[in-house]
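The block underneath contains the structure these notes are about, expressed in structure tokens.
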Amino acid sequence: MLSLPINDQLKNLLSWQQSVFCMALSEHTKLHFHLFCEAIENEAGTKINNEIDKFNQLFWEKMTVKGVKVNLTIQQEHFDEIIPDSRKHDFYGVYPAIDHCVILSCAFNSFLIKSNDEALNASQTSFSTIASFIELQSGDELDDEMLQEQALFIEQLEFQTELLKMLDNERSPELIKSIQHFVQAHGVTNLGIALSE
């Protein structure tokens with residue numbers, strides 16, 4: 001596990017904060033799943049592309065719309081069916097797509113099992129995606145200290161730190177919507193890929 005200055009904060013988040021943090025990182029990385037679906041160019045790709053948007057939207061609605069009922073256990077079963085299998089795809093894009101699914105799985109877990117580790121797991125997964133990407137580009141394996149000097153790492157740490165600052169407020173639908181808008185307005189994924197308009 002990467003030793004980061006935000007780790008202790010992530011471990012101490014309240015249950016709702018865990019969920020929103022995971023949802024924010026899922027929103028931040030879902031473009032990677034969309035790009036994977038575009039790359040496989042088939043009917044299944046279109047279907048699962050739509051499904052991933054549905055899951056993300058359900059979480060935001062659950063947290064912001066009073067009285068909305070979502071059977072997350074059934075939704076998680078559907079979600080598990082669309083997680084890509086890296087053994088069936090021989091291109092890099094499958095790995096950031098799988099990492100997105102890991103983060104989305106953390107969101108599911110934050111609701112279903114009330115674990116205190118999900119925000120930290122989502123955070124570490126996001127940094128792991130960056131590490132794999134940098135090592136692929138450089139052709140070298142970098143140690144933790146070298147990785148944390150990389151621009152994408154620094155930018156992601158700043159992004160997650162800002163999320164934590166926003167979460168350090170009283171819970172309200174308006175706050176959660178503002179966090180969703182903050183992520184969408186950020187403009188790029190954790191790999192620096194520009195978000196579609």
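With contacts taken as Cα pairs under 8 Å at a separation of at least 6 residues, the chain carries a relative contact order of 33 percent.
Counting only complete DSSP H runs, which helices of the chain cover 27 Å or more along their long axis at the Cα atoms and score a mean Kyte-Doolittle of -1.0 or above? Taking the DSSP H segments of the chain (at least 27 Å long, mean hydropathy at least -1.0), we get 15-40, 43-64, 118-138.
Of the peptides 189-195, 84-90, 17-23, the order by per-residue mean of other Cβ atoms within 10 Å, starting with the highest, comes out as 17-23, 189-195, 84-90.
Given Cα pairs under 8 Å that are at least 6 residues apart, what percent is the relative contact order of the range 100-197? Before the final figure, lay out each step's value.
Values: 45 pairs, mean separation 21.7, N = 98.
Over the range 100-197, the number comes to 22 percent.
Of the residues Phe108, Gln160, Ala39, the one whose Cα sits farthest toward the positive end of the charge dipole of the range 8-186, with +1 on the Cβ of Lys and Arg and -1 on the Cβ of Asp and Glu, is Phe108. Checking the Cα-Cα distances for Lys30/Lys114; Lys11/Lys62; Lys54/Lys88; Lys11/Lys47; Lys88/Lys114 against a 31 Å cut-off, the pairs over it are Lys11/Lys47; Lys88/Lys114. Please name whichever of Leu120, Pro96, Leu13 sits farthest to the positive end of the charge dipole of the chain, dipole taken about the Cα centre and charges placed at Cβ: Lys and Arg +1, Asp and Glu -1. Final value for the positive-end residue is Leu13.
Close amide H pairs (under 5 Å, H built 1.01 Å from N) link Val188 with Leu195, residues at least 5 positions away or on another chain.
No lab work stands behind these numbers, since they all come straight from the coordinates. What you see is a predicted model, and the numbers here were worked out from it, not measured in a lab. Please note: Cβ atoms are built from the backbone with ideal geometry, for glycine as well, and neighbour counts cover all protein chains shown.
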